[in-house]
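Any read-out appearing in this document is the output of simple, stated calculations on the displayed coordinates, not a laboratory observation. Computed from a predicted model, the values in this text were never measured in an experiment. When we count neighbours, we look across all protein chains shown, and the Cβ atoms used for this are built from the backbone with ideal geometry, even at glycine.
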Amino acid sequence: MVLNFDALEKIIDIPAEVRKVLERPEKETRFNINVVDEAGKLHSFDAYVVYHSLSRGPAKGGIRLSTTVTLEETQVLAELMTYKTALVKLPFGGGKSGICFDPTKYSRVVKENVIREYVKYVQKDLAADLYVPAPDMGSGPKEMAVIYREMNNRPEVVTGKPVSIGGLPGRTEATGFGVATATREGIKNILKREVAGTTVAVQGFGNVGSWTARFLAEMGAKVVAVADISGGYYSSAGLDVLAMQEACLAKGGCLLKELEGHGFGQPLTNDDLLTMDVDVLIPAACENVITGDNAEDVKAKLIVEAANGPVTPSADAILARKGIHVIPDILANSGGVIGSYVEWRKGKTGGIVEAHQTLSTIERLITGSMEDVITLATEKNTSLRLAAQGIALKEVIQATKERFGI
């Protein structure tokens, strides 16, 4: 389970019958996706679809394509979406799909056929608005376009589509903008200082990390370090993150090591970035990077979880003892799902949305949720993580009670 119900019962009331419902997914589907490649060879891939809760609306969650996909991982990610959407007050439940498939090892034709076969298993739920998928690891706008086409060009059945077929202007930068917004609010209301001049280190320079760094730099923060698995760069004067992002985009996406010789800063290892003496540390790459082994060495005053689960429970306890605040993932990286909501609503109404409207909605919802989380954490003398989970769980409990008439 994502949540520690025993700890949460100290700050909110959790009815026993609702707890029992939320401790397990509402629906799990396991199936095989069988496709034939161009050479006539048959391939079979395990696939999973999990709906954790539908009490607040259709299940919302991406399609993960990876050889590491498991049912257990899909369950956790579906539950995470239940509380992420509830925290920012979106009318969604939590869902997730996982296909045990490496998209980098197969042709575009095979990849497209995998998605088409996937749609055959979930099309009734998509048509009934029970599930609204989106991109996740290994999938993107092209795969969502396949779903759009297979579902008779209905724009509301899937989000993360190309803009030209009902996608959302501003969706590419949505998650990074949300992380930057949460960081700004944390600097102002937790660190009690101005954003201008605040030093920031960002681990990960993919879509989320690069946009986070770029927006924070535009807000006046001093992004002194960025790194990924290949290494990174440091400059006490602040990095030119816009130029770094554009250099990576010009290569069609790249690891930071590929920018050597561009004069962006001093070389830096990924591990060293995590323990730098900065005001704010933003892990934006993958899970479990701050652990019981390195948490004692973390010097940042505020950590913002742009990735899902970058801080382990053992590290959380150490950081709390050291007085380091953590803005949890279900709040910090919710800009992506907020963008998906705007796109879903746009698809249902046929309205026109511009990029600045997308970002404005993200800013409004994350700013309001940050205020609620900080207020509850202060009132209950608890962590930002537990406060965020408590607010989200309270929303889900209320919806579950009203859904079942209890």
Distance in Å, no decimals, from the C-alpha centre of the stretch 247-321 to the one of the stretch 336-406 is 26 Å
Placing each pseudo-label 7 Å from Cα in the direction of the beta carbon, residue 258 and residue 70 end up separated by a distance in nanometres of 3.2 nm
Here the net charge surrounding residue 299, from other residues whose Cβ is less than 14 Å away from its Cβ (Lys, Arg +1; Asp, Glu -1), is -4
Note: residue 149 to residue 5 extended length (0.36 nm per residue) minus current alpha-carbon separation gives 47.7 nm
Note: residue 230 to residue 13 extended length (0.36 nm per residue) minus current alpha-carbon separation gives 73.5 nm
For the chain, the dipole about the Cα centre with charges only on Cβ (Lys and Arg +1, Asp and Glu -1), to the nearest 20 debye, works out at 1000 debye
Listed with the fewest Cβ neighbours within 10 Å leading, 248, 286 appear as 286, 248
Here the gain from full extension of residue 190 to residue 299, 0.36 nm per residue of separation minus their alpha-carbon distance, amounts to 37.6 nm
Placing +1 on each Lys and Arg Cβ and -1 on each Asp and Glu Cβ in the stretch 24-166, then taking the dipole about the Cα centre, the residue among 35, 70, 92 whose Cα reaches farthest towards the positive end is 92
Close lysine pairs (the stretch 172-332; alpha-carbon distance under 27 Å; 8 or more apart or on separate chains) counted at 16
What helix-only [θ] at 222 nm does the chain give? Using -39500 (n - 2.57) per DSSP H run of at least 4, over all residues, to the nearest 500, the answer is -14000 deg cm²/dmol
Burial-style ranking of 34-47, 321-334, average other-beta-carbon count within 10 Å with highest first, yields 321-334, 34-47
